[in-house]
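Novice: One structure coming up, written as structure tokens, with questions to follow.
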Amino acid sequence: MSRATLEALVQRQIDAFNRHDPVALAGMHAPHSVVESPMFATLRGRKAIEEAYRTFLTSFPDAEIAIETIVVEAPRVAIFHKIKGTHTGDFYGLPPTNKHIQVPMARLLTTEGGLIAHERRIYDFTGLLVQVGVLRAKPVA
């Protein structure tokens, strides 16, 4: 795949996320795709990937992604971005807190045949839990 094709795939993915479309997001993954995520562990297949997106977007229904950098080395793409949102839906049993989150994230995609075959997500899940109030950060001395 060309650089332009991979960048277009990433842009379609970001657009679908910002439209809150879990079906479109899962459709960009190969049927056998695997996603590794601190929040959702290892997801296998489109159905599991779609459900994970739906779960997150239900918890943070105003969530948006803003891209910072895209690095393409076909068939791989590294994406650095921030996710912002407000916790206004149930989140792993935690009722809405109306707290805002901002989470820097890195994702490494490996593509096959124009689709995402593997995705590794790297972000501070503990920091997200602190932001919504599940955990407390230790005060700086």
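Novice: Relative to the Cα centre, what is the charge dipole magnitude of the chain, using +1 at the beta carbon of each Lys and Arg, -1 at the beta carbon of each Asp and Glu, and rounding to the nearest 20 debye?
Specialist: On the way: 16 positive and 14 negative charges, 53 e Å.
Result for the chain is approximately 260 debye, rounded to the nearest 20.
Novice: Given H placed 1.01 Å from N in the peptide plane, which residues other than close sequence neighbours of Ala117 have an amide H under 5 Å from its amide H?
Specialist: Ala30, Thr110, Thr111, Glu112
Novice: Taking a ≥ b ≥ c as the square roots of the eigenvalues of the Cα gyration tensor of region 1-65, is the shape rounded (a/c under 1.5), prolate (a/b larger than b/c) or oblate? Don't jump to the answer; show the numbers that get you there.
Specialist: Details: a/c = 1.97, a/b = 1.20, b/c = 1.65.
Judged from the Cα gyration tensor, region 1-65 comes out oblate (a/c at least 1.5, b/c at or above a/b).
Novice: Got the relative contact order for region 3-132 handy, in percent, Cα pairs under 8 Å and 6 or more residues apart?
Specialist: On the way: 247 pairs, mean separation 30.4, N = 130.
RCO, region 3-132: 23 percent.
Novice: Working out 0.36 nm times the residue gap between Val23 and Lys84, then minus their Cα-Cα distance, what length gain in nm do you get to one decimal? Don't skip to the end; give the middle numbers.
Specialist: Working: separation 61, 0.36 × 61 = 21.96 nm, distance 2.07 nm.
Once the chain is fully extended between Val23 and Lys84, it gains 19.9 nm.
Novice: Could you line up Thr97, Thr5 from fewest to most neighbouring Cβ atoms inside 10 Å? Provide the component values of the computation, followed by the final result.
Specialist: Working: Thr97 15, Thr5 12.
In order of increasing Cβ crowding within 10 Å: Thr5, Thr97.
Novice: If you filter region 91-132 for chymotrypsin sites (Phe, Trp or Tyr not before Pro), then keep DSSP loop positions with at most 10 other Cβ within 10 Å, what is left? Please report the intermediate quantities before stating the final value.
Specialist: On the way: sites: Phe91, Tyr92, Tyr123, Phe125; in loops: Tyr92.
Passing sites in region 91-132 are Tyr92.
Novice: Round to a whole angstrom and tell me the spacing of the C-alpha centers of region 1-52 and region 53-101.
Specialist: 13
Novice: Further, regarding this structure: What number, rounded to the nearest 500 deg cm²/dmol, is the helix-based mean residue ellipticity at 222 nm of the chain, given -39500 (n - 2.57) per DSSP H run of at least four residues and division by all its residues?
Specialist: -9500 deg cm²/dmol
Novice: What size of dipole, in debye to the nearest 20, comes out for region 1-65 about its Cα centre when the only charges are +1 on Lys and Arg C-beta atoms and -1 on Asp and Glu C-beta atoms? Don't jump to the answer; show the numbers that get you there.
Specialist: Working: 7 positive and 8 negative charges, 51 e Å.
Value, rounded to 20: 240 debye.
Novice: Sticking with this structure for a sec: What are the ³J(HN,Hα) couplings of region 68-84, residue after residue, when phi is run through the Karplus curve with 6.51, -1.76, 1.60 and θ = phi - 60°? Round to Hz, x for glycine and proline.
Specialist: Listing the rounded values in order: 9, 8, 10, 10, 10, 9, 3, x, 10, 9, 10, 10, 10, 7, 10, 10, 10 Hz.
Novice: In sequence order, what are the phi-derived ³J(HN,Hα) couplings for region 15-28 according to the Karplus relation 6.51 cos²θ - 1.76 cosθ + 1.60 with θ = phi - 60°, rounded to whole Hz, with x for glycine and proline?
Specialist: 4, 5, 5, 5, 8, 6, 10, x, 5, 5, 4, 5, x, 7
Novice: Here's another thing I want to ask about it. At 10 °C and 1.306 mPa s, grab the translational diffusion coefficient of region 3-132 from Stokes-Einstein with a Kirkwood Rh over Cα pairs, rounded to a whole number in µm² per second. All intermediate terms of the calculation are to be shown ahead of the outcome.
Specialist: On the way: Rh = 14.8 Å.
Translational diffusion coefficient: 107 µm²/s.
Novice: Additional query: Say the dipole of the chain comes from +1 at the beta carbon of Lys and Arg and -1 at that of Asp and Glu; which of Thr88, Pro31, Gly133 then lies farthest toward its positive end?
Specialist: Among Thr88, Pro31, Gly133, the one farthest towards the positive end of the dipole of the chain is Gly133.
Each value in this text was obtained by applying a stated rule to the coordinates, not by laboratory testing. Bear in mind the structure is a predicted one, so any value in this text is a computation, not a measurement. Methodologically, a virtual Cβ is constructed for each residue, glycine included, from the backbone with ideal geometry; neighbour enumeration extends over all protein chains shown.
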